[in-house]
Every structure is written in C-alpha cells, then in structure tokens.
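Reading through the structure tokens given below for one structure.
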Ligand code: ADP
Ligand code: 3PG
Ligand code: MG
C-alpha cells in the first residue's frame, strides 16, 4: 500500500480524501471530534504541499443528515481553504458501489487518498470504487491504524492480555476464537460473560444473553479464559455486588464486581501487550464503573503496548478519561477510530478498503 508521503508532486493537485466524519451529533454540535482530529495530519500535509483538498464523508446511516455541524467543527482546526462534499450516502450509488458513480466522483480529483479506516470494512463506492479510477494512497491515520492493530496478530509482545467486553456474542465470537490462539490471557466481561456463566450452570437472572450456538464447553476447559467471579447486579432498584454463584432469578448483571476488577488489574500489571475491545458493563445504565476504573489504571501505565478499540469502548474513554485522547501519554497507547472495521481487521487482517489500495 502506498502512502501520501510517496506522492512526488502535490502542487496544484486536486486530492479527494475519504475521511470518516461519522461522529456523534447533538443539537447541531459535534459531541466528540476524535475522528476529525485524527485526520488533521493528513489534511495539513496535503495542504502544505500545495494540494487542493476535497473531503468526502458519510454521516449517519442513510444520508439524511447534514454535514454542517462537521464543517463548523472542522473550521476550528483548518484555516486554509478546503472543500467538504455533502453527505456521500445521499447517493444510493455509494452503498451499491456503483462503478459509474465512482467514475463520476473520480472526475472531481487527480489523486485519491483513504484516511477513513473506520469505514473501510464497507465495500462502498468512495472506499473501493474510487481507487479503480485514480492513483490511490493511504493517509497517515489509516496507516497508523494498520500498524497498531497489526501488533495484535503480528508478533505481539508477551504476556499478551486480551480484554473482551460488550455485547452481541455472535459478532465477537470470531475474535475469541482467534485470540485464544494468540493471547496468553483472555478476560471476558460485559454481556459476553453472561453466556459463559450460564453454560457453567450459574443463575444469571434476567441478564442480557445472546442465544447462539457455540461450543462454550470446549472454551471453558481452556485455562486462558478468565471470567468474572463477582458482578454488580440491579436488584429491584438497588445496585448490589454479588458472587456469580449468588445471582437471583429477577436480577440483572450490569457490571463486573470489585474482586474481578482486582483480578483484572493484576493481569494488566503482568502483561506487556494489552488489546481491549468492548466495555465491561452496561455503561449507559449505571454499569460503567469497572470500565472507568480499568481505563484510569491503563492510562497511568508505562512501558506497555496498549491497543483500545470498539465504538462503545472509545465513547467510554471520552466520557471518563477525556485527556486520554490528547496524544501526550507515557505508555504506548493506541485508540482506534474504528468499531466494525477494527473488529473485522483484527479477525481477518485486512479490509475491502485496504485491498482496494493495493
Ligand atoms: P464496542 O462497540 O466497544 O465493540 P459492543 O458494541 O460490543 O462494544 O457492546 C457495547 C454494548 O454492550 C453497550 O451498549 C453496553 O451497554 C453493552 N453491555 C456491556 N455489558 C453489558 C451487560 N452486562 N448487560 C447488558 N449490556 C451490556
Ligand atoms: C462507523 O461509525 O462505524 C463507521 O463510520 C461506519 O458507519 P456505518 O456502520 O454506518 O457504515
Ligand atoms: Mg458498539
């Protein structure tokens, strides 16, 4: 894959840059501009070399959202003249990866740059169609994602701890399978742990569970898997910490408990490489404490390689440790901009958007 550093002459060139400015917006304002900030090095580099930058992004699922809040946010950071096209998903041809549409888009520029890792799991026109018609390169953010996430499957440092939380067991199952082979410890929290606890014969009350067919029994024999020994449950209106053997029929698991947090901290201390995907509890409903504590602990580490990813986990970072994203950390901590793209890349080692640049 060629990077923008390798472009010989950018002076006067029109560069179409696919970015992922699909950011949370409320009342016309950007709530978290992490993804926008991450593309600034690419935009500034191209502008400094004399290129005319034309940004392409989607926002929301169906193309109905206005890019205005994003444009307002971008103006705070980019003072030079820049073009931001309208929400690309306004055109149904984008999702269909219509080749005529990609060709028409390509007429707007001389060069194509992908700096939108987090949407590169989608075979859409602006991701895989455009590079067929223009000389194509990766941006800095895109390259940085690949470099850091690859650490997990290309010679990771050991001990390697994989922390997996969140929900939707079916989407995370391939990750468990793969990283049971690569990691030394696989800690399972969030709603994913409920599936395991249930198979182990524990009462999990009315906790969230994914009813899928999976050979849990085999994994339960695997010594690498570490499950919560205590959890925070909602019982009536109260939050109580309980051993996993004491959960009542009407209770709901919201978070991992204190003892489990201690265990996880011990594992973090002895690991050199940590990959973490998905929150450890239902953070939207009072189950965010463990994630917050572990994040705080992780951000104070030194001499470790830490890779964090997942849309929800990253939004927990914004809520609880906003400074974490300020690029001034002592440990080598990488926060991925991706949700689905990060998962797919960690499982498959490539993405449609990466293949399209080759
Ligand atoms: P990520 O986006 O970081 O990969 P997921 O999308 O897999 O994470 O999962 C995030 C969701 O998991 C959140 O909505 C969170 O509330 C939910 N979750 C985590 N733990 C629990 C739990 N114990 N019970 C119910 N939902 C949970
Ligand atoms: C994301 O937010 O994960 C990316 O922007 C992709 O968005 P999508 O799931 O709507 O394709
Ligand atoms: Mg999510």
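The values are calculated or read from the model by the stated rules, or taken from the named source; none is laboratory data. Predicted model only: the values in this text are computed from it and were never measured. Cβ: placed from backbone, ideal geometry, glycine included. Neighbour counts: every protein chain shown.
Which one is nearest to residue 142 (Cα to Cα) among residues in segment 50-67 that are touching a residue at least 40 places away in the same chain (Cβ under 8 Å) and part of a loop (DSSP other than H, G, I, E, B)? Among those that are touching a residue at least 40 places away in the same chain (Cβ under 8 Å) and part of a loop (DSSP other than H, G, I, E, B), it is 57. The single residue among 193, 183 that is within 24 Å of residue 315 (Cβ to Cβ) and touching a residue at least 40 places away in the same chain (Cβ under 8 Å) turns out to be 193.
Taken together, 18, 35 contain a single residue that is surrounded by 15 or more Cβ atoms within 10 Å (Cβ to Cβ), within 16 Å of ligand 3 (Cβ to nearest atom) and touching a residue at least 40 places away in the same chain (Cβ under 8 Å), which is 35. Among the numbered conditions (1) under 18 Å from the mean Cα position of the chain (by Cα); (2) within 16 Å of ligand 3 (Cβ to nearest atom), the only one that residue 162 does not meet is (2).
Summed over segment 297-312, the residues that are over 24 Å from residue 23 (Cα atoms) and either modelled with pLDDT under 90 or under 18 Å from the mean Cα position of the chain (by Cα) (or both) give a count of 6.
Is it fair to say residue 334 is in a strand (DSSP E or B) and modelled with pLDDT of 90 or more? Yes. Tallying residues that are modelled with pLDDT of 95 or more and either outside any loop (DSSP other than H, G, I, E, B) or surrounded by fewer than 16 Cβ atoms within 10 Å (Cβ to Cβ) (or both) within segment 202-215 yields 2.
For segment 142-193, filtering for residues that are more than 16 Å from ligand 1 (Cβ to nearest atom), at positive phi and in contact with a helix residue (DSSP H, G or I) (Cβ under 9 Å, 6 or more places away or on another chain) leaves 0. Among the residues of segment 171-187, not a single one is more than 29 Å from residue 272 (Cβ to Cβ) and either surrounded by 14 or more Cβ atoms within 10 Å (Cβ to Cβ) or within 16 Å of ligand 2 (Cβ to nearest atom) (or both).
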